[in-house]
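Chemist: Let me give you the structure first, and then I'll get to my questions.
The values are calculated or read from the model by the stated rules, or taken from the named source; none is laboratory data. Note that this is a predicted model, so its numbers are computed, not measured. Note that each Cβ is placed from the backbone with ideal geometry, even for glycine, and that neighbours are counted across all protein chains shown. Quick note on the areas: whole protein, heavy atoms, side chains included, nothing else; ligands and nucleic acids left out. Shrake-Rupley method; radii C 1.70, N 1.55, O 1.52, S 1.80 Å.
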Amino acid sequence: MKISNISKLFNGGGIILQNQDHKDLKKINKNKIIKLFKEYGIIIFRNYKFDPKKITALTDLFTHRYANDARRREMRFNNKKINTVDTGNKRMALHSEASFSPSWPEILWFVCIKPSKISGFTTFCDGTKVYENLSLNTKKFFLKNQVMFELKIPFESNGLKKKLSKNNSLSKMKDWLLHAPGTFDTSINLKEGYIYTKYLKYVVNETRKPGVLSFCNHLLAVFGTDPQILSCKLLNGNRIPKKIYDEINKITKKLTIEFKWKKNDICMIDNQRFMHGRTKIITSEKREILNIQTLYSNFE
Ligand SMILES: [Fe+2]
């Protein structure tokens, strides 16, 4: 196996594991991968033999529970765990998947079935590197202030609906509780199948590496890309200052790579350290990338 780095812009450089003897993906060493993942936060498996329909045989090895994000995406191979990446052709700003919600996946998996050649590249940015490069004042700002996301989260409500079908309050918002620290003013609409909540959280977080912090969040992607986000403000109702946004934009621009996929590349990414996005897709170009989300890993 040949080991190389993805980019100098990442702390540690990220890792590409290039299989040279067409070995089967099932033969990877789980403990070794976990060790590399904790250290580098992003691994590309290249040149391995696998059947995309059975890709969860790999992800199962590292997963305690999968995230349920299927409503927003197109399911593949009749498997709820496997979805396509976001539809449409627009550029997607850097973000950490679902980092605005209490269900924040630990690992993201991307599987490249068909790479693009001239547009629609996946972007990656190491949040630990972003944090290091923030000015002292901006570090202080985010270490002190939590950010409040106002959310409308859809859910499958059939079971609950049936249970409460004779209840007149079905059409109204009902007071509700999410067992997640930081959530408040939560209510549920059973008829329309969504939960409304406010969610307060720090947008700088500790990583798997002790003492290493990451700027890994949704701040650059809150405007208009995800219908679940109704607003994003500070607790006192103020917006995050423009000066800070300008700084984040400038730093992330310098630290972001456009990744050129090769067919059958599999990417395992620490969603609580790295952010990802996409460059605009030129409509004539077709690409296909699958997405699997591990909500909780089984490492410990
Ligand atoms: Fe995403």
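Chemist: Cβ-Cβ below 6 Å, separation at least six or inter-chain, first residue in segment 76-98 and open to solvent by 70 Å² or more (accessible area, probe 1.4 Å), second more than 8 Å from the ligand (Cβ to nearest atom): which pairs?
Modeler: Lys80/Ala70; Lys81/Thr56; Lys81/Tyr66; Lys81/Ile292; Arg91/Thr279; Arg91/Lys280
Chemist: Here's something else I'd like to know. Go through segment 53-75 residue by residue and tally those that are surrounded by 16 or more Cβ atoms within 10 Å (Cβ to Cβ), at pLDDT 90 or above and not polar (S, T, N, Q).
Modeler: Taking segment 53-75 and keeping what is surrounded by 16 or more Cβ atoms within 10 Å (Cβ to Cβ), we get 55-56, 58-59, 62-63, 66-67, 69-70, 73.
Then keep just the ones that are at pLDDT 90 or above; that gives 55-56, 58-59, 62-63, 66-67.
If we keep only those that are not polar (S, T, N, Q) as well, we get 55, 58, 62, 66-67.
Selection size over segment 53-75: 5.
Chemist: Give the residues of segment 265-300 that are more than 23 Å from Val130 (Cα to Cα), in contact (Cβ under 8 Å) with a residue 24 or more places away in the chain and among the polar types (S, T, N, Q), sorted by residue number.
Modeler: Thr283, Asn291, Gln293, Thr294, Ser297, Asn298, listed by residue number.
Chemist: Which residues, counting only those in segment 8-52, are part of a loop (DSSP other than H, G, I, E, B) and buried (at least 16 other Cβ atoms within 10 Å of the Cβ)?
Modeler: Here is the first cut: in segment 8-52, the residues part of a loop (DSSP other than H, G, I, E, B) are 8-14, 19-23, 28-29, 41, 47-48, 50-51.
Once the filter is applied, which keeps residues that are part of a loop (DSSP other than H, G, I, E, B) and buried (at least 16 other Cβ atoms within 10 Å of the Cβ), segment 8-52 yields Phe10, Asn11, Gly12, Gly14, Asn19, Ile28, Gly41, Asn47, Tyr48, Phe50.
Chemist: Does any residue of segment 218-226 turn out to be acidic (Asp, Glu) and within 15 Å of the ligand (Cβ to nearest atom)? It would help to see each step written out before you state the result.
Modeler: Applying the first criterion (acidic (Asp, Glu)) to segment 218-226 yields 226.
Still in the list and also within 15 Å of the ligand (Cβ to nearest atom): 226.
The answer is yes; a qualifying residue exists.
Chemist: Related question: Report yes if some residue within segment 219-240 is without any contact (Cβ under 8 Å) to a residue 24 or more places away in the chain and open to solvent by less than 50 Å² (accessible area, probe 1.4 Å); otherwise report no.
Modeler: Looking for residues that are without any contact (Cβ under 8 Å) to a residue 24 or more places away in the chain and open to solvent by less than 50 Å² (accessible area, probe 1.4 Å), one finds at least one in segment 219-240, hence yes.
Chemist: Collect the residues in segment 89-103 that are away from the ligand (no atom under 12 Å from the Cβ) and out of contact with any Gly (no Cβ under 9 Å at 6 or more places or on another chain), keeping them in residue-number order.
Modeler: Lys90, Ser101, Ser103 - these are the residues of segment 89-103 that are away from the ligand (no atom under 12 Å from the Cβ) and out of contact with any Gly (no Cβ under 9 Å at 6 or more places or on another chain).
Chemist: Moving to a separate point now. Just give me the residues in segment 255-268 being open to solvent by less than 10 Å² (accessible area, probe 1.4 Å) and either under 11 Å from the mean Cα position of the chain (by Cα) or away from the ligand (no atom under 14 Å from the Cβ) (or both), in sequence order.
Modeler: Asp265, Ile266, Met268
Chemist: Go through (1) over 19 Å from Gln228 (Cβ atoms); (2) more than 12 Å from the ligand (Cβ to nearest atom); (3) touching a strand residue (DSSP E or B) at 6+ places or on another chain (Cβ under 6 Å) one by one and return the number of the condition Phe110 breaks.
Modeler: Failed condition: (2).
Chemist: I would also like to ask the following. Could you list, ordered by first residue, the pairs with Cβ atoms under 7 Å in which the first is in segment 109-133 and open to solvent by 10 Å² or more (accessible area, probe 1.4 Å) and the second is among the small types (Gly, Ala, Ser), at least 6 apart or interchain?
Modeler: Short answer, once both residue conditions are applied: Thr123/Gly277; Tyr131/Ser214.
Chemist: Quick one: what pairs do we get from segment 29-49, first residue closer than 15 Å to Thr59 by Cβ, second assigned to a helix (DSSP H, G or I) and open to solvent by 20 Å² or more (accessible area, probe 1.4 Å), C-beta under 7 Å, 6+ apart or different chains?
Modeler: From residues that are closer than 15 Å to Thr59 by Cβ, the pairs are Lys30/Leu61; Ile43/Leu36.
Chemist: When only residues in segment 269-292 that are buried (at least 24 other Cβ atoms within 10 Å of the Cβ) and closer than 17 Å to Thr63 by Cα count, which is farthest from the ligand (Cβ to nearest atom)?
Modeler: Looking at residues that are buried (at least 24 other Cβ atoms within 10 Å of the Cβ) and closer than 17 Å to Thr63 by Cα, I get Asp270.
Chemist: Which of the residues spanning segment 165-187 are out of contact with any Ser or Thr (no Cβ under 7 Å at 6 or more places or on another chain), of a type in the set (S, T, N, Q) and modelled with pLDDT of 95 or more?
Modeler: Listed by number, the list holds a single entry, Ser187.
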